[in-house]
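Novice: Quick one: the structure is below, questions incoming.
What follows draws every value from the coordinates through simple rules; no lab data is involved. Nothing here was measured: the structure is a model prediction, and the numbers come from that model. Virtual Cβ from ideal backbone geometry, glycine too; neighbours counted across all protein chains shown.
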Amino acid sequence: MTHSIPRAVFLTATLAVASLAAAAGVGDPAPGFTLADHAGNQVSLSDFEGKIVVLEWLNPDCPFVVRHYKEGTMKGLEDAYDDKGVVWLTVNSTNYMDAEANAAFAEKEGVDWKILVDQDGTVGHAYGAQTTPHMYVIDTNGRIVYAGAIDDDPRGSKKASERTDYVAKALDEVLAGKAVSTPETKPYGCSVKYKK
Amino acid sequence: MNRIRFSAFGLALALSVLAAAEDSHVRARLVSDLEALNPGATFHVGVVLEPEPGWHVYWRNPGGAGLATEVALELPDGFAVGELRWPAPVVFVQPGDIIGYGYEQLVLLAAEVAAPPGAAAPVPVRAAASWLACKDVCVLGSAELEAELPLTGEAAAAARAAFAGWRDRLPRPARPDEVSMSVTGGPLPSTGAAELTVWLSWPEPPGEVDVFPDPGPGLKVEAVRTRSRGALTRVDLTATRLAGSSAPAAVLPVVVVRTDGEGGRTALELDIDLD
């Protein structure tokens, strides 16, 4: 590390992407929000205070999401951990998908949990959601303890025995009162289709 | 997923070097610059991907979202296939300021191949390519291609066009007289984030400079901002060593691309020291 190059000439530079760095990350308190779900009911993160919460970023037009719903990944996890008191909230920050579009998806896929409508992307930006899917686990203290990919198999080409299911692993660890061993991974998927 | 079959509809004798799937928005073509198989010859085999206008495919680091393109090559026993070479990508900003790295125009991803002594033509070769193509939506695509080398006719002409100027678009290690680098803001903690500033000092004003980070597993790089003044380029970035990763990265490889006034691009490889 050297300081040989003068830096003063750059001091007036303003950095345009400061908003990115402001998004919450692992270890941070999960940003609070209130959104309408696909049935029109207001849902706040604070409704689930003291519970483990999973946030799943959704875009039904994204092939990665389509594959995971076809394979039953989300439904399987939601079912398995619902019994253990884990709350599953799906957030759709796709700019063109309103409550009706999300309700149609829920109907088609048999989603029996809440899909939150975030067309203006506020909640997506607060969490720094970049991809669909992009997954977050919030612990009972309201802190983000996992952020990243659903698993380590972007192309869906691995056998279940060879795959690491990051969200399931994080939930198992949190439920066992342990620290999450892989708290952050690089998410894969389509970019979130935010409002321009 | 669009899986393209090459032995369809009774054309069993026609080896297909070309795949154009109507739904994937990308045309894929197997190419090679092998013209004559001399003993100990080295040549290149690769896949040209040509996205439709407005669509893009991704670099090996896709950026904040997306999926790295994959190309797998299969040659007969004894042929040694090197690493896939990636021409310098471009950067695109997707809605929500999500940065992507990839290709918006025709790109050739190819590897060097060394023939064993005594190898004889024709050389059968297969290539499997898969990619994510995005415009307003994203579509997964793939192609399985095969050919016998040397290529002939139209396939050979298309391959010659694809390889023309290709080497000049490949990043190469930076020479000390081309650019010198210093880093401030480190070291990076063993887990967690640090803001790093990389200073690139050029022999003359560099033109436009883009920096493409290529972090290994366990390292996250975000918010790369580049600004040049005179012959000095300041690159700010946020690097994070992810907890739970087995081998903490000591360096961050980057590809630095200079674009001159005429649009000519020079791509250089540098390693940023993180400790």
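Novice: Which three extents, in whole angstrom, do the alpha-carbon atoms of segment A:131-196 cover along their principal axes, largest first?
Specialist: Over segment A:131-196, Cα extents along the principal axes are 38, 35, 12 Å.
Novice: Right, another one. Can you run phi through the Karplus equation (6.51, -1.76, 1.60; θ = phi - 60°) for segment B:164-172 and list ³J(HN,Hα) in whole Hz, with x for Gly and Pro?
Specialist: Whole-Hz 3J(HN,Hα) from phi for segment B:164-172: 5, x, 4, 4, 5, 8, 7, x, 9.
Novice: To continue, here is another question. Excluding same-chain pairs closer than 8 in sequence, count the lysine pairs in segment A:59-196 whose Cα atoms lie under 19 Å apart.
Specialist: Value for segment A:59-196: 17.
Novice: Here's a follow-up. Starting from the Cα-Cα distance between B:S201 and B:E83, subtract it from 0.36 nm times their residue separation and give me the gain in nm to one decimal. Please list the in-between numbers first.
Specialist: Working: separation 118, 0.36 × 118 = 42.48 nm, distance 3.01 nm.
Stretched out fully, the B:S201 to B:E83 stretch lengthens by 39.5 nm.
Novice: Rounded to the nearest 0.05, what FRET efficiency do B:S190 and B:T152 give with R0 = 60 Å and r taken as the Cβ-Cβ distance? Could you check? Spell out each step's value before the answer.
Specialist: On the way: r = 56 Å, r/R0 = 0.93.
Approximately 0.60, to the nearest 0.05.
Novice: Hey, what did chain B get for relative contact order, percent, Cα under 8 Å, at least 6 apart? Numbers along the way, then the final one.
Specialist: Working: 671 pairs, mean separation 47.5, N = 275.
Reported relative contact order: 17 percent.
Novice: Given a Förster radius of 35 Å and the C-beta distance between A:R143 and B:D23 as r, what FRET efficiency does 1/(1 + (r/R0)^6) yield to the nearest 0.05?
Specialist: For A:R143 and B:D23, the calculated efficiency is 0.25.
Novice: Compute the distance from the alpha-carbon center of segment B:220-275 to that of segment B:18-60, in whole Å.
Specialist: Cα centres, segment B:220-275 to segment B:18-60: 28 Å.
Novice: Let me ask something else about it. Tell me the Rg and the Dmax, in Å, that the Cα atoms of segment B:146-275 produce.
Specialist: Both quantities, over Cα of segment B:146-275: 18.4, 57 Å.
Novice: What's the percent breakdown of Cα-Cα distances in chain B across 10 Å bins, shortest bin first?
Specialist: P(r) for chain B, in whole percents per bin: 6, 26, 30, 23, 12, 2, 0.
Novice: Take the Cα radius of gyration of segment A:23-84 and divide it by 2.2 N^0.38 Å, with N its residue count; two decimals is plenty.
Specialist: Numbers: Rg = 13.8 Å, N = 62, 2.2 N^0.38 = 10.6 Å.
So the Cα radius of gyration is 1.30 times the expected 2.2 N^0.38 Å.
Novice: Separate question: Can you tell me the dipole magnitude for the protein assembly as shown around its Cα centre, using point charges on the Cβ only (Lys, Arg +1; Asp, Glu -1), in Debye to the nearest 20?
Specialist: About 600 debye.
Novice: Please name whichever of A:T132, A:G142, A:L116 sits farthest to the positive end of the charge dipole of segment A:72-196, dipole taken about the Cα centre and charges placed at Cβ: Lys and Arg +1, Asp and Glu -1.
Specialist: A:T132
Novice: Taking Rh as the Kirkwood radius, which is the inverse of the mean 1/r over Cα pairs, what is the Rg/Rh value for the protein assembly as shown? Mind showing how you got there, number by number?
Specialist: Values: Rg = 24.0 Å, Rh = 24.2 Å.
Using Cα coordinates only, the ratio equals 0.99.
Novice: OK, next. Taking the dipole about the Cα centre of segment A:52-105, with the C-beta of Lys and Arg at +1 and of Asp and Glu at -1, give me whichever of A:I52, A:Y96, A:Y69 is farthest to the positive side.
Specialist: The Cα lying farthest towards the positive end belongs to A:Y69.
Novice: If you don't mind, there's one more thing I want to ask. Given charges of +1 on the Cβ of Lys and Arg and -1 on the Cβ of Asp and Glu, with all other atoms neutral, how large is the dipole of segment B:209-275 about its Cα centre, in debye to the nearest 20?
Specialist: On the way: 8 positive and 10 negative charges, 52 e Å.
Magnitude of the dipole: close to 260 debye.
Novice: Please report, in debye to the nearest 20, how large the charge dipole of segment A:31-71 is about its Cα centre when each Lys and Arg carries +1 at its beta carbon and each Asp and Glu carries -1 there. Present the calculation step by step, with values, prior to reporting the outcome.
Specialist: Numbers: 3 positive and 6 negative charges, 25 e Å.
So the dipole magnitude of segment A:31-71 works out to roughly 120 debye.
Novice: What's the angle, to the nearest 10 degrees (0 to 90), between helix B:153-163's Cα axis and the longest principal axis of chain B?
Specialist: Tilt relative to chain B: about 10 degrees.
Novice: Calculate how steeply helix A:166-175 sits against the longest principal axis of the alpha-carbon atoms of chain A, using the helix alpha-carbon long axis, and give the answer as 0 to 90 degrees to the nearest 10.
Specialist: Rounded to the nearest ten degrees, it is 80.
Novice: Could you work out how far helix A:73-82 tilts from the main Cα principal axis of chain A, as a 0 to 90 degree angle to the nearest 10?
Specialist: 80 degrees
Novice: Now a separate question. Rank these for me by crowding, B:S228, A:S181, B:S201, A:S157, going from fewest to most other beta carbons within 10 Å.
Specialist: On the way: B:S228 18, A:S181 12, B:S201 15, A:S157 9.
Listing B:S228, A:S181, B:S201, A:S157 from fewest to most nearby Cβ atoms yields A:S157, A:S181, B:S201, B:S228.
Novice: What translational diffusion coefficient, in µm²/s and rounded to a whole number, does the Stokes-Einstein relation yield for segment B:91-179 at 37 °C and a viscosity of 0.692 mPa s, taking the hydrodynamic radius as the Kirkwood radius over Cα pairs? Could you put the intermediate results ahead of the total?
Specialist: Numbers: Rh = 16.9 Å.
Answer from the Stokes-Einstein relation: 194 µm²/s.
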